[in-house]
Amino acid sequence: MSDRSPTCLVPAGRLRRSHDTPALVCPRPDCTRRGPYARAVSALAVLVGFACMARATDGAEPQARKPAAVVRSEQGLRYYREKVLPLLKKHCWECHSATSKPLRGNLRLDTPAGWLRGGDSGPAVVPHDRNSLLLSAVRYEDYEMPPRGKLSPQEIATLERWVEMGAPAPADEASAPREEDGDIDWDSARRFWAFQPPRKHPLPDIPRTLFGGGPGGPPTWIDRFVGARLHQAGLRPAPPADRATLLRRVFIDLTGLPPTPEQVRAFLRDERPDAYERVVDRLLASPRFGETWGRHWLDLARYADSNGGDINLTYYNAWRYRDYVIASFNQDKPYDVFVREQIAGDLMPAASEEQAAERLIATGFLMVGPKMLSERDKTKLRLDVVDEQLQTIGTAFLGLTVGCARCHDHKFDPIPSRDYYALAGFLYSTHTIEGIRLNNVNVSGWLERPLPISREREAYFRRIQQELEEVRSRIKTLKARIRKTPSLAGVDPKRLDGIVIDDTQAEKVGTWKRSTYSPRYVGEGYIHDNREQPGHKRVVYSAEIPAAGKYEIRISYPYAKGRATKVRVIIDAADGRHTVTVDQSQPPDVVGLFKKLGRFHLEAGRRAVVTITNTGTDGYVIADAVQILPAELADQLADLPARTWKQPAGSDETTRLRRQLASLEERSKQLSAELARRPMAMAVRDAPDAGDLALRIRGEPHRTGPTVPRGFLTVTRHLFADSAELLAQHAPGDETAAEFIGTPEGFALPPQGSGREALAAWITDPRNPLTARVIANRVWHHLFGQGIVPTVDNFGNLGERPSHPQLLDMLAVRFVEHGWSIKWLVREIVLSATYRQSSAAPRQTYERAQRIDPRNRLLWRHRLRRLTAESLRDTVLFVSGQLDETMGGSTVADLPEQAVANSSKQEGGVDIGKFTRRTVYLPVVRNALPTLLTAFDFANPEMCTGRRSVTGVPTQALVLLNSPLLRNAAQRIADAMLAALSDDGRSDHPTAHDRRRLRWLAMRIWQRPPDEIEARRLLQAVAEARARLGDAPDDFPDEHARRRERRIWTDVAHAMLASVEFWFYR
C-alpha cells in the first residue's frame, strides 16, 4: 500500500498539528494519508501553513485568566534539574519552600504552581518574560534577593535563560521536596523496574497474519513483542511501507543521506528476497554510518570545538575525539570497550602505539564539556568540572540524573548524597584543569597530553622542549637585567623648545602606575592607567601662556601594541574646549615620540589646560609630557634635534641586552612552532592528590563533611558479589584486588591512582542493570523517533515507564550476548516488520488507534520524522552535487584563541558559507552556532542530550525560504536538470517536456516521482511564471528564454527543497 493519498486536499486555513509529530496533517476523516501536506505546493505554502498554525493559536477564544503554563520538554527539564534547581535550593528554598518556617512573602519557589501563582507581590515567574519578578529581584532592581548577597552574573544568566525557555520544571506533585528526607527504603528502591537486571523472556505468540510481509521478509522476534502488545490492545500494525519510502527511511536513518535516483531505481528493480537486507548491510558498512551515528553520540558527549561559558576559548584538539567517535562506530567497536575507553582509556593497556593514542584520545569525553575558566575560586572550579563530568556520565551511560545529589540526597531516585561523592571521588582524583590561558592567571586552562609517537620522534621533541625551557628561562633573566640597567631615559625636557610639562608636574586623578619599560619617553619615565577604572582617571597639564597667539600643542607617549586606540585629549583654549582622539598603538608623527594635536589660540596671562582621560578606552592609556610651541617656531622645527636625547651610563649595555632579548624571543617562537607540530590531545590523567573526596555540605565547596570512600551506586550493590571482582576482571594479577571489600559506606580502593578503571568496569559489567538498557533504548529512539522509554536520558522515577519492558530487556540481553555490537542491534531493528511499517494507516485502523494509543506508544504505525539539522544541510548539499565527503581532521586551526570574543573589537565565530563537508565536521562553537542548525533544533552543546527537541515553527520556513544555501543548491539542481533534459528538437508538447523536467527534479530531491496533484499544481506555477516573465525580445530570444527557464526551474527546485516533503521522511 502506498503512503500517499491523492484525495488529501488540505485547505491552508485548516492545518493542524498531529499528536506525536510536528508535521502538518490532513483533518479529513476519510483521508488515508496522515502525512505531511506540502507535496504539491511551493515553498510559500510551507510558510503559509506555519503562519496558519500560529494564527490558529493566537486567535483562540479568550478564557478566564489562569497562571501561565510551564514548558516540560525533556531538554528543558534537564536544564532545570542541572542548572536551575541547585540555585533555587541553595539561595531560595530556605525562605520560600514547603519546609520554610515561616514562609516569607507567601511565596514558594519549590513548585511551578508556587512561582506561577506568586506571593504577596504577584507571580514570581512569567514564562518567557525577562522582566519576571524573580529576575528583577536577583538583579537587585525592584527587590534584592537573596538578601545575603547578589548572585554572580553567571547564576543570573542561568535564571534568565531558564525563564526565556518557558521556565521548564517537573509537575508540582513530583517536584515538591519532602518535608523530611529520612532514610531510603533500599528494598523498595531495588524493586523499581530500571534497577532490576534485564533478563530473557519467552517469545509471545501472535496471529500469523498480524504483520504482512513486504520488502524485508517475515516478522522477527522483535515483532512478536510489539505484536503481542498491539493484539492485547485490539490494534493492528499499519501495512508495510512501499519500497521507495522504506529505502529513503533506512538510508536517512543509517547514513543521514537519501538514496540517489539510480539507487532507488535499482532497488525497485531488485526482486531478490534479500534485496532489502543487502541494502542494510551495505549501509552499515558505509563510512557515512559512523558519521551519522557518531553525531548521535556527540550529542551525549556535549561535544564542541570551543569552551563556551564565560571565556569562549577554542578547543584546537577536540576534533581528535570527534574522529575517534566516528571511527569507533564505523569499526563497530564493542560498546563496553567504547565506554571504558572514554572513562579510563589512559589507564588501559595498549597493544600498539596506535591503540595507546586512540585510548588516550577517547578520554576527551571527560574534557570537552564547558568550564567556567575565569572562576577565581579554583576549588569551586575543580568541583564544578567534576560535577559536569559526573552529570554527563550518569546521563549518557546510566540514564540517571546523578548530579541532583550534589547538595542533598536525590529527591526522587535512590541516590544519596554519599553515592554522589563516592562517584565524584573518581573524577576529583582525575586531572582536567591545568595552566592558564590568555596570559591571565585568573583564566584557567585545560590539560592536553602528547600522543604516543616513535622513540626517535619522542627524543626529538624532548630536546626541543628542553631547549625551549632554557630559552624562556634566559628571556626571564634578561628582562630582569634590562629593568635594572640604566637605559635610554628619553628626551631631556629642559633641552626642548617651547613650554614642556612633564607628567611629574601634572595633576593626577586616580591611581596611575609609573614605568620606564618602553624606552622612548620624556624625562625620567611615563605613567599609565593599568587598564583599570575606565572613566575615572585623568591627568591634567597646565601652563601660563606668555603671549597671545597660535600655538601648536603636542603630547608624547611611547607607542606599542596593547595601547589604547581611542584616548580622549581635551584642550581648553581661548576659543573654547576641543577634544582630540589619539591612537596610542600607532607611532607619533614627530620622531616617534610627539603627537601633534593641532593649533589653538591661547591668551596671554591665562593658563592653557590639556587633560588626558581614560574614558571609553580599550587598552593602556599613557600619559607622558605635553609640549606647547608657538606656531612660528613649530614651523621652523622639522624634528627634535638629536642633542636632546640623554645618553646615561649603561645605555650601550641596554641596547646590547635588548638586541639579545629580541634574538631569544625569535628563537622561542621558532621552538614553540616546532613543538606545536607534535600531535596533542585533550585527555585526562590521574591527579597527584588522588584519593577519596569529602562530602560538601549543601554542595558548597568549602563546607566539608565526612570523607566518602570512592564507590558506586548503593542501589546496585546487591547485584555484584563484591567489588574486588570488578577490578580483578580488568586488572588481572593485581594483588590489592582482594582488598576491595564492599561495605555499606562504599568500596575501599587503593590510595594510589584515581580508580577510574574500576568505575568503567562497574558501568560496563553485564550485571549493571542500566548500561545495556540505556544504549539499546537510545538506538531504538534514533530509529523510531521515540524510545521504548521516551525519556531516554532519565530512567528514574521522573522518567516515563517503558512501553515494552520485556522487549527492552531482550534487546539489552541479546545486545550483550552479541558482543555489545551497535551494528548488530541496528540491523536487528531495521530488519523487523515493526520498523518496515508504513507511517500511514487505513482509516479504520487510524481512528481506533488514535482513541486507544494517541501517542503511538504501541507502534501501530511508523512515525513521520523530520530530518535532523545536520541531515537537512547535508542532504541539500548532497542532492545539489556539492557535498565534500572528506573525513576527519581539524576545521578550527584558523580560529583565534578566543573563538567568540567578549568584546565587540575582537572577532570570532565561524563562517560556514563555503564549508561543504558533512555537518558533523563543521566547527561547533558554543554560543555561536549557525542559524540553520539552531532553527532546526541542533543539540545544545553545553549539556548531554539524548533526545533533541523537535519543533515546528514559522522561523524554520523563513530560514528555508531565505537561506543562501538552499537558493544556491536550487540553482545548481536546476542547471543540472536543464543540461540533462535540454530541448533536443523533439516535437513533444511543452507540457510533456515540463513533466519530464519535474519528474527529474522530484527524483533528485524527493527520491520519488511527483503524484498527479503535485505535478498539476507545480506545472500550473511554471505556466504562470512564464506568462508573468513575458515573451523573449526580438534581439536575443534564445538568451532570454534560457535565463527565464533557469529562473523558473530554480524557483521550482527551491520550492521543493523548502517543502515539508523534503525535510520530513516517512
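Step through the residues of region 993-1000 one at a time and calculate ³J(HN,Hα) from phi using the Karplus curve (6.51 cos²θ - 1.76 cosθ + 1.60, θ = phi - 60°), rounding each to whole Hz and writing x for Gly and Pro.
My calculation for region 993-1000 gives 5, 5, 5, 5, 4, 5, 5, 4 Hz in order.
Show me, for region 705-718, the HN-Hα J-couplings you get by feeding each phi into the Karplus relation (A = 6.51, B = -1.76, C = 1.60, θ = phi - 60°), rounded to Hz, glycine and proline as x.
Once θ is set to phi - 60°, the couplings for region 705-718 become x, x, 6, 10, x, 4, x, 10, 5, 4, 5, 9, 5, 5 Hz.
How large is ³J(HN,Hα) for each residue in region 131-145, as worked out from phi by the Karplus curve 6.51 cos²θ - 1.76 cosθ + 1.60 (θ = phi - 60°), to whole Hz, x for Gly and Pro?
9, 3, 4, 4, 5, 5, 5, 6, 7, 6, 9, 8, 10, 10, 10
Let a ≥ b ≥ c be the square roots of the eigenvalues of the Cα gyration tensor of region 493-646; is it rounded (a/c under 1.5), or, if not, prolate (a/b larger than b/c) or oblate?
In terms of gyration-tensor shape, oblate.
Mind ordering 269-275, 474-480 by average Cβ neighbours within 10 Å, highest first? Before the final figure, lay out each step's value.
On the way: 269-275: 11.0, 474-480: 13.3.
Result, highest mean first: 474-480, 269-275.
Calculate the spin-label point distance for R269 paired with Q355, positioning each point 7 Å from the Cα along the beta-carbon direction, and give it in nanometres.
Here the answer is 4.6 nm between the modelled labels.
In nm, give the distance between the simple-model label positions of A560 and E524, each being 7 Å from the Cα along the Cα-to-Cβ direction.
Result: 2.0 nm between the two label points.
7 Å from Cα along Cα→Cβ at both T579 and S121: what's the point-to-point distance in nm?
With each label point 7 Å from Cα toward Cβ, the separation is 3.8 nm.
Per-residue counts of other Cβ atoms within 10 Å, averaged by peptide: what ranking do you get for 185-195, 404-414, highest first?
On the way: 185-195: 14.3, 404-414: 21.5.
Result, highest mean first: 404-414, 185-195.
What is the extension gain from E603 to S152, computed as 0.36 nm multiplied by their sequence separation minus the C-alpha to C-alpha distance, in nm to one decimal?
Numbers: separation 451, 0.36 × 451 = 162.36 nm, distance 5.37 nm.
Answer, rounded to one decimal: 157.0 nm.
Sort region 318-366 into rounded, prolate or oblate with this rule: let a ≥ b ≥ c be the square roots of the eigenvalues of the Cα gyration tensor; rounded if a/c is under 1.5, and if a/c is not under 1.5, prolate when a/b is larger than b/c, oblate otherwise. Don't skip to the answer; put the middle values down first.
Details: a/c = 1.26, a/b = 1.15, b/c = 1.10.
Cα axes put region 318-366 in the rounded bin.
Scan around S121 for amide H atoms under 5 Å from its own, H built in the peptide plane at 1.01 Å from N, and keep only partners 5 or more places away or cross-chain.
Close amide H contacts, sequence-distant or interchain: none at all.
Rounded, prolate or oblate for region 517-560? Axes are the square roots of the Cα gyration tensor eigenvalues, ordered a ≥ b ≥ c, and the cut-off for rounded is a/c under 1.5. Write down the numbers at each step before the final one.
Details: a/c = 2.71, a/b = 1.56, b/c = 1.74.
Oblate, since a/c reaches 1.5 and b/c is not below a/b.
Going by average Cβ density within 10 Å per residue, which order do the peptides 446-458, 311-323 take, highest to lowest?
Working: 446-458: 14.9, 311-323: 23.4.
Ranked from most to least packed, the peptides come out as 311-323, 446-458.
Would you mind checking which residues have amide H under 5 Å from W446's amide H? H placed 1.01 Å from N; only 5 or more apart, or other chain.
Counting only residues 5 or more places away or on other chains, the set is E434.
For R685, what residues show an amide H to amide H distance below 5 Å, using hydrogens built from the backbone and excluding near sequence neighbours?
Under 5 Å from the amide H of R685 lie the amide H atoms of H431, each far enough along the sequence or on another chain.
Only the coordinates and a few stated rules stand behind these numbers; no lab work does. Bear in mind the structure is a predicted one, so any value in this text is a computation, not a measurement. Glycine gets a Cβ as well: all are built from the backbone with ideal geometry, and neighbour counts include every protein chain shown.
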